[in-house]
Every structure is written in C-alpha cells, then in structure tokens.
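The values are calculated or read from the model by the stated rules, or taken from the named source; none is laboratory data. For clarity, every value in this text was computed on a predicted model and none was experimentally measured. Here Cβ is always computed from backbone atoms with ideal geometry, including for glycine, and neighbour counts include all displayed protein chains. These accessible areas exclude ligands, DNA and RNA; they are computed on the full protein's heavy atoms, side chains included. Shrake-Rupley method; radii C 1.70, N 1.55, O 1.52, S 1.80 Å.
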Amino acid sequence: MCGILAVLGCSDDSQAKRVRVLELSRRLKHRGPDWSGIYQHGDYYLAHQRLAIIDPASGDQPLFNEDKKIVVTVNGEIYNHEQLRKSLPNHKFRTGSDCDVIAHLYEEHGENFVDMLDGMFSFVLLDTRDNSFLAARDAIGITSLYIGWGLDGSVWISSELKGLHDDCEHFKVFPPGHLYSSKNGGLRRWYNPSWFSEAIPSNPYEPLVLRRAFEDAVVKRLMTDVPFGVLLSGGLDSSLVAAITARYLAGTKAAKQWGAQLHSFCVGLEGSPDLKAAREVSDYLGTVHHEFYFTVQDGIDAIEDVIYHIETYDVTTIRASTPMFLMSRKIKSLGVKMVISGEGSDEIFGGYLYFHKAPDKEEFHRETCRKIKALHQYDCLRANKATSAWGLEARVPFLDKKFINVAMSIDPEWKMIKPEEGRIEKWILRRAFDDEEHPYLPKHILYRQKEQFSDGVGYSWIDGLKAHAEQHVTDKMMLNAEHIFPHNTPTTKEAYYYRTIFERFFPQNSASLTVPGGASVACSTAKAIEWDASWSKNLDPSGRAAIGVHNSAYEKHLTSIANGNLAPKIIDNVPHMVGAPAKELIIQS
C-alpha cells in the first residue's frame, strides 16, 4: 500500500505551502517507505509515499501521460493492467507500473473509465489543461481514503486522517465505489452492481462455478515483483486462500522470482485456537510457516499505536487490529512486502455466528448486503491500516468484483444455516471446495466453526482488554460519558478507554463522525439484533456473544469463571488468565 495526499485549489503556490504539503505527506510515510514524490502545478499539489510492489525500479509516482499534462497519484494494485495496456495501442507508457494505465485510460474514456479497473485503488488525477481533477476509490473500499475541505476553498484527499485533519475545516470518509469530479461538483457512485439494491437473487447454486470464481480471484493476486506470503489463521477463509495459492503458485512469475514454496504467517496467544489450526493447515499444504506469539501485555502496550494508525475507536476493530498490527511488523522484518488475506467471506456468505438466527432468506440476504457495504469501516479498515502501518500490503481475494457478483447472485436459500441438514455457516463455500479426489484441506478444517480474528488469537485477549479498561475507567467517568461524547457515546469501559485515546490523536468533531456506531452482537448490524430478543441484553461484538450458537459462548465462559476455572487475576495492573501463561513475542519458522 502507498500513501497519497492531494491539496487542490488552495490559492497558495508558495514554497511555504509546498513545505507544508510535504510535511503532511510524511505522516503517511509508513504506508510507503520506499520513495517519496510530489508534483506541483500552481496551487495544486499531488504527493505520494510509495510502497514498491510492481516495477520497483521505475514505477515512482506521481505518474504522467505522454505529454505530462495529466498527472496521477495512486494507492493500490490494478490486476488487469496488462489487458488494459493492450487496449491502448496508441499510447506510450513511461513505466511498468500497473497504475500507469490510469492517465491513459482517462485520455481515451474521460471519467467513465473507473469501472474498467479490476483491483483495489484510491487515486487523484489532475488534468493540467483545465485544472480539473478526479478522485476515486475502489468498489468495496479496500484501500482507505478521506476527503476534506479547507476554508480557502481547497479540496483535500488523503489515504489517512492524519494527512488532512489538522488543515481542513471539515472532512469525512471518501465513500467506496464513488468518484469525485471537480467538473461535476461532487461525489457520484461509479460502482452499481445488481446486489446493491438488496433485491433477492434467484440463481441456482453451482459449486464448481463458485470454486472457479474464487480460484481466479486468488490467482490474479499473485501478481508481484517482491516477496510475499499468506496470512493463515487456520479458519476456513484464510486456509482456502493458502490452499489455492499453494496449488497454483508453481509456474507463475512470482514463483520464478521468489521460489515455489509458499510462506504462511499466524499470530496468537500461547495455546490459542488459531495457532493450533494454522499449524495443522501449514503441515498439510507444506508451507514455510511462521508463528508469532504475543502476550496480553504486548497487546495492551500497543493499543495507543494501533488507534493512531487504524484511526478508529470501534471496539471490534481495535481488538482485531492489535494482533494484526504486531504480526505485520514481524512479517515486514522478514523482508516480505505483500500478503494475501481472507477478509470479506463472512459478509458475503453470512459467516458470522449470529446468522444462525436469520428469520428467512430475504433478511439473510439483506444483512449480507448491509455488511458488505459497511466493510470499509471495519475489516477493510483493519486489514489495510494494520498492515500499512509497517509498509506491508494486504490483498483480499474474497472482495474481488467478479467473485462478489457470482456469490451475491446465488439464491440466499442456499446460504441459510440449517444444522438439522448439516449445513453450518458458509456451507456453500465449504461444499464448493470439498473435493474428495484432490482435497484442498482436511475435512475438519474445511468444516471448522467460525472464529472472529480477535477471538481466535486467544480468548483471554478480549478478557484481558476488558480487565485493563476496568482498571483505568471508573464508574464515575462512565456516568458522564454521554455529555463528554454525545456522538457514539461509549456504553462500556473498554469503549470509553479507546475513545479517550482516539480523541487525543484526532480531537476534531469531523474525526469522531468518521467512525461508525450503533449496537452490535457478534459483529451484527443494529438491524440484525432484532432477530433474537436475548441479544439486546448481551451487546458485545465478540463471536462468543452469540449465546446458544458459539461452542465457547459467554454463557459457558461465565459459568466456568463462576465455578472457579479460568479466573482472571490482576498482577502488577496486568490481566493474566490462569492456565494461559504469558510468553514473549517470538518467531518460530
């Protein structure tokens, strides 16, 4: 991932302004530590911090067309860039960068070219012939992007809040699947798939069609000129990504450059469910496996850094981002610059455990649509920023445009969870890869129950966070919460603790408005809480809050504590769970 910053029409072309733009761009250097670039045309500035993945030698940005009249700064990967180059035979390209096609496509097609891009991206394009500009964000919001406005009439675009929050009067999340045109004076949606209307689809379930669509999505993401690997938690989604990558890696350009043996990475507390399952999958697939251990204290010590980089106070996102943040640092230290990950599957297939209570296929489908539309504020935000904090790029094949179209056109009756028929969550995905002749995964992994990432790294992680917040947030502080934080008022001490840290880094009202709110149980939307009356009394985003569904639900966990098992102790103000000894953060290969 790269970092982009654009300041457009600020009525100031002075050296001091250029220095200020450079200063703000450096706040994004963690996203792109390989090179920095800036282009100035009058009072228009395009800055870039590069993470070199494709054509590291010559793909520095900003990028230009032939006569340098059109300038682009881009964050992302365009997987179909070779096909797009072939469609532009009369154009000469300056670099081998996949993003080099954008300026030339604009020359040929104007603003209507964005839907031709197959990939993840955020970009700003400046046409110096008339000082018009265009900004766009990918369909689902895999790459992060914000837009702001200055009192001087300027428009600001930045990959992260920290690039613009100090200099804009107002700013907000740049919505995914949208473009901003200075010619048309505002935002408009360019991504308009049939599922977006939430109409109920009726296509039959064809396992091989679904399988091929996902294999294609994974294989196209093997486009890289740098060392890479896969994130492997041992759950269904990451295991499928690893299995397909391992199966098709040989013969690719990436294999010729870096070898055909795949590297896999996992993080967790000692004894966590993910570590055990990931090790088993790695042994089965023959990957070079790297395990990263962290303690509850390691995670707590990193919370402030995590909130600064992830730019949210959402409880679920912070819980899951912290282990990923720690793991990303270790991965980058090994010389790896890109990883493939499994985000998005649960939203598409209704994989969260609360989907067990969906009342009918219509509501099931509508909830998956709501979840996909919100991904840019949750899992995409986490995957993008937790990795980018250390100059690591995460690619997410489940959020491939073509794959989403296939998966979301299937009659949702096939996605419904029906234990009496042996259909657990994400059954249609599991069945698509249940190949007796050439198995992708061991059966018990293929049919392993869903674990949310913040649970799978070790149950005592969340319990430890709650205990830490209990030590630092008093009952008296909670009584005044609605007056101090009138928007998205924190309802738990853990949420209050995160919010105070966020407000210290990003004190503007606009910043607090960029974070979603509302009640949730086991990562549900607020609407889905209506599915079960008991959930409104147990509002926690952990998967274990799905009482009556999760094998280690809170109702069982609380019973264990009441019986004297797994009792939390506070030692030197640090929560430890008896039976879960803390280990140092180490790496095993």
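Before moving on, here are some points about what is shown:
- Options (i) 24.7; (ii) 41.0; (iii) 26.6 - which one matches mean projected area of the Cα convex hull in nm² as calculated here: (iii)
- Sparse packing (at most 14 other Cβ atoms within 10 Å of the Cβ) combined with a DSSP loop state is found for none of the chymotrypsin sites (Phe, Trp or Tyr not before Pro) in the range 149-210.
- If only the Cβ of Lys and Arg carry +1 and only the Cβ of Asp and Glu carry -1, the dipole of the range 49-180 around its Cα centre is close to 140 debye.
- Förster-model FRET efficiency, 45 Å R0, Ser536 and Lys92, C-beta, rounded to 0.05: 0.15
- For the range 75-136, a/c is not less than 1.5, where a ≥ b ≥ c are the root eigenvalues of the C-alpha gyration tensor, and a/b does not top b/c. That puts it in the oblate class.
- Computed label-point distance, nm, for sites Tyr248 and Ser14 using a 7 Å Cα→Cβ extension: 5.5
- Total formal charge among the other residues, if their Cβ is under 13 angstrom from that of Leu164, Lys/Arg +1 and Asp/Glu -1: -2
- Test item: Cα-centred dipole of the chain, Lys/Arg +1 and Asp/Glu -1 on Cβ, debye: 440
- Per residue, the average separation of C-alpha pairs within less than 8 Å and at least 6 apart gives the chain a relative contact order of 15 percent.
- In the chain, helical runs assigned H by DSSP with n ≥ 4 each contribute -39500 (n - 2.57); averaged across all residues and rounded to the nearest 500, the mean residue ellipticity at 222 nm is -10000 deg cm²/dmol.
- Short-range pairs are left out: with C-alpha atoms under 8 Å and at least six residues apart, the relative contact order of the range 79-197 is 19 percent.
- The range 140-197 versus the range 63-130: alpha-carbon centroid distance in Å: 19
- Applying a DSSP loop filter and a limit of 10 other Cβ atoms within 10 Å to the trypsin sites (Lys or Arg not before Pro) in the range 63-123 leaves Lys92.
- Averaged over its residues, the chain has an accessible area of 37 Å² per residue, based on protein heavy atoms and a 1.4 Å probe.
- Rounded if a/c under 1.5, otherwise prolate or oblate - the range 77-211, Cα gyration tensor axes: oblate
- Portion, in percent, of the accessible area of the chain that falls on carbon or sulfur, probe 1.4 Å: 50
- Unit charges at the beta carbon, dipole of the chain: most positive-side option, Ile424, Val267, Pro486: Val267
- Each Lys and Arg Cβ is given +1 and each Asp and Glu Cβ -1; about its Cα centre, the range 326-381 then shows a dipole of about 440 debye.
- Solvent-accessible surface (1.4 angstrom probe) belonging to Leu353, in square angstrom, nearest 10: 0
- Applying 1/(1 + (r/R0)^6) with R0 = 30 Å to the Cβ-Cβ distance of Glu169 and Asn480 gives a FRET efficiency near 0.60.
- Alpha-carbon centroid distance for the pair the range 413-446 / the range 280-351, whole angstrom: 26
- By the Stokes-Einstein formula, at 1.002 mPa s and 20 °C, the range 206-344 with its Kirkwood radius over alpha-carbon pairs has D equal to 135 µm²/s.
- Cα gyration tensor, the range 365-506 - rounded (a/c under 1.5), prolate or oblate: prolate
- The residue among Ala199, Ala519, Ser144 whose Cα reaches farthest toward the positive pole of the charge dipole of the chain, with charges on the beta-carbon of Lys, Arg, Asp and Glu, is Ser144.
- Lys/Arg +1, Asp/Glu -1 at C-beta; the chain dipole; positive extreme among Ile244, Val114, Val7: Ile244
- Nearest-0.05 FRET efficiency for Lys256 and Leu334, computed from C-beta distance (R0 25 Å): 0.75
- Difference of contour (0.36 nm per residue) and Cα-Cα distance, Arg431 to Leu513: 25.4 nm
- In loop segments of the range 369-478 as defined by DSSP, there are no trypsin sites (Lys or Arg not before Pro) with at most 14 further C-beta atoms inside 10 Å of their C-beta.
- Inter-probe distance in nm under a simple model that places probes 7 Å from Cα toward Cβ, at Ile200 and Arg423: 1.4
- For the pair Thr489 and Asp67, the difference between a 0.36 nm per residue extended length and the Cα-Cα distance amounts to 146.7 nm.
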